[in-house]
Amino acid sequence: MNDSRFAKKVASANHTITVEISPPKGTDISRFLDWIRPIADKVDAINVPDCQRSILKMSSMAASKILQDELGVETVWQLTGRDRNIIALQSDLLGGWAMGLHTVLALTGDPVMVGDQAEVAKQVSHLDALRLLELVRTLNHGKDATGKEFVRGGTQFCYGAALNPHKMSREAQLHRLKYKLSLGIQFFQTQPVYDVQTVMDTQAIIHQLCEENRYPVPKLMVGIIPPKSGDFARFMNQKIPGIEIPESFIAVLDKSPDPTKEALRFCAELVHDMAPYAGGFHFMPVGMEKHAEAMLDACFGQGSGVKRLKLV
């Protein structure tokens, strides 16, 4: 049985809060730990990416284990099918569970061609996110991929999936969403969202599918990336489908002598507006990792207007 604090929080009616921090490209973990130390008691877990954007970084499994041991903070261990076949995936999942990594986010993974190892790396992609979720569920049922039972213990992961709320109108995306729900996932972490109506619409679709098919309703954790500058905000609007950071706010960032302060205020306003409709929030402070504590204080601190209490 998975009795981790994070699993219990995901199963509760309270907001669940995670922050994503990438491991280093190298073996020196001091800055990685320094970024997380101030927020360890302010979040429910730290997401640790698995070579995000196919850029070489320290193993997400190793970095998650170090975080839990050094700082006592729970982790959401991100695992992709991009670099491993089904034997390696099972081996890592068994090893991760045995080491105390009890929450996993199953992902397909960004293609190798977009990363910094494109000239030397071969993409495996034996399993996509859906098949990887199937595998996690199979291991949780005490069996390996061939159906044989583990005689020395299986897993009991709390497991989740990614979700792009901006593609809910596409039939293929709805089919994938329905299949993920059928696998009994416990939480979604979304792509960045800056519009309350998108959160409301996504929740309505999830609840409708779960009601129609009698699936358990997973927690929807809304992704937010603080736009650290006007140029960064324009880049997201242009490159990430569905992102619409208001031009009026981009103008504020351009003119502000302190764009970081404006970005944190923007996040706090988003959280305040979305809180009644979200099960939690997943922050991705890209390039703003050292401001993660200030971001959380702005969103959830005294006077923020957002309390981590039972949702309305």
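The values are calculated or read from the model by the stated rules, or taken from the named source; none is laboratory data. Remember, it's a predicted structure, so these values are computed and weren't measured experimentally. Neighbour counts run over all protein chains shown; Cβ positions are idealised from the backbone, glycine included. Note: accessible area is taken over every heavy atom of the protein model, side chains too, but ligands, DNA and RNA are not part of it. Shrake-Rupley method; radii C 1.70, N 1.55, O 1.52, S 1.80 Å.
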- Task: Identify, by number, the condition in (1) open to solvent by 40 Å² or more (accessible area, probe 1.4 Å); (2) over 25 Å from Gln189 (Cα atoms) that Leu253 doesn't meet.
- Result: (1)
- For Gly287, indicate whether it is touching a Pro at 6+ places or on another chain (Cβ under 8 Å) and small (Gly, Ala, Ser). no
- Message: Can you list residue pairs whose Cβ atoms sit under 6 Å apart, with the first residue in the range 76-88 being at negative phi and the second being among the basic types (Lys, Arg)? Count only pairs 6 or more apart in sequence or on different chains.
- Response: none
- Item | Single condition Pro192 does not satisfy, out of (1) more than 17 Å from Met284 (Cα to Cα); (2) open to solvent by less than 70 Å² (accessible area, probe 1.4 Å) | (1)
- From the option list Arg31, Arg84, single residue qualifying as out of contact with any Lys or Arg (no Cβ under 7 Å at 6 or more places or on another chain), surrounded by fewer than 20 Cβ atoms within 10 Å (Cβ to Cβ), over 21 Å from Phe188 (Cα atoms) and of a type in the set (Lys, Arg) is Arg31
- Task: Quick one: count up the residues across the range 23-46 that are under 21 Å from Gln123 (Cβ atoms) and either outside any loop (DSSP other than H, G, I, E, B) or within 18 Å of the chain's Cα centre (by Cα) (or both).
- Result: 1
- Options Asp69, Asp92, Asp110; residue that is free of Cβ contacts under 8 Å to residues at least 12 places away in the same chain, more than 17 Å from Leu183 (Cα to Cα) and not hydroxyl-bearing (Ser, Thr, Tyr): Asp69
- Among the numbered conditions (1) surrounded by fewer than 17 Cβ atoms within 10 Å (Cβ to Cβ); (2) hydrophobic (A, V, I, L, M, F, W, C); (3) within 21 Å of the chain's Cα centre (by Cα), tell me where Val151 comes up short. (3)
- Message: Tell me which helices (runs of 4 or more DSSP H) are completely within the range 47-143 and hold 2 or more residues being closer than 24 Å to Pro285 by Cα, or say none if there are none.
- Response: 60-71
- Message: Which condition from (1) part of a helix (DSSP H, G or I); (2) open to solvent by 50 Å² or more (accessible area, probe 1.4 Å) is the one that Ala233 breaks?
- Response: (2)
- Query: In the range 8-28, which residue that is more than 17 Å from Met284 (Cα to Cα) and of a type in the set (Ser, Thr, Tyr) is surrounded by the fewest Cβ atoms within 10 Å (Cβ to Cβ)?
  - Reply: Thr27
- Looking at the range 1-11, which of the residues that are part of a loop (DSSP other than H, G, I, E, B) and touching a residue at least 12 places away in the same chain (Cβ under 8 Å) is farthest from the chain's Cα centre (by Cα)? Met1
- All-but-one check, Lys228 against (1) assigned to a loop (DSSP other than H, G, I, E, B); (2) under 20 Å from the mean Cα position of the chain (by Cα); (3) modelled with pLDDT of 95 or more, failing number (3)
- Query: Looking at Gln197, is it under 25 Å from Phe283 (Cα atoms), open to solvent by 70 Å² or more (accessible area, probe 1.4 Å) and either out of contact with any helix residue (DSSP H, G or I) (no Cβ under 9 Å at 6 or more places or on another chain) or not aliphatic (A, V, I, L, M) (or both)?
  - Reply: yes
- Query: Inside the range 159-189, can you point out the residues that are in a helix (DSSP H, G or I), surrounded by fewer than 19 Cβ atoms within 10 Å (Cβ to Cβ) and in contact (Cβ under 8 Å) with a residue 12 or more places away in the chain?
  - Reply: Lys167, Leu174, Arg176, Lys178, Tyr179, Ser182
